[in-house]
Amino acid sequence: MAISVGDKIPAGKLKIAGPDGMKDVSTDELFGGKKVVLFAVPGAFTPTCSAKHLPGFVGKAKDIKAKGVDSIICLSVNDAFVMDAWGKAHHAADAVVMAADGNAEFTRALGLEFDASDFGMGVRAQRFALVVDDGVVKGAYVEAPSKFEVSSAEAILKKL
């Protein structure tokens, strides 16, 4: 069952690149005591994700943070090296935390995975955005298949 408004973010770890290399970061550390926008994409460097989703959040980061958001996190079922490279390609460093869920464990715990094996991609995250306050989901915006409407930076900015 997919996570929904009022649910607590599940415990887990994501990988994030830092100045000292890759590190595991707990969901408690990422979401505890903070207001966070978490958005997920099916894959780094894929068409809609690279042309619209990530660039939208990079471009609107200041506006989103001006609404009281402490952190914007981009999640994908990719490895941390790919997420780091994708973030650098889009100049995301100060705007968006690039979080890798390489084995889809966190994505599965959210109940927001889908099987993209027909595309040679295995298990991936659905396209979605969550507004999370101190680890509790306050807004959940999951896209219908092949859509990009409710999880964009512009749509989330309107919800904040």
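What follows draws every value from the coordinates through simple rules; no lab data is involved. Computed from a prediction, not measured in an experiment: that's the story for all the values here. Here Cβ is always computed from backbone atoms with ideal geometry, including for glycine, and neighbour counts include all displayed protein chains.
Structural remarks
- Within region 15-152, antiparallel bridges make up roughly 70 percent of the DSSP beta bridges whose residues both belong there.
- In the chain, Cα pairs under 8 Å separated by at least six residues give a relative contact order of 31 percent.
- 30 Å Cα-Cα reach of Lys8 towards lysines, excluding residues that sit fewer than 8 places from it in its own chain: Lys23, Lys34, Lys35, Lys52, Lys60, Lys62, Lys65, Lys67, Lys138, Lys147, Lys158, Lys159
- Net charge contributed by nearby residues that have their C-beta within less than 14 Å of Phe114 (K/R +1, D/E -1): -1
- Exposure proxy order (Cβ contacts within 10 Å, fewest to most) of Glu154, Glu143: Glu154, Glu143
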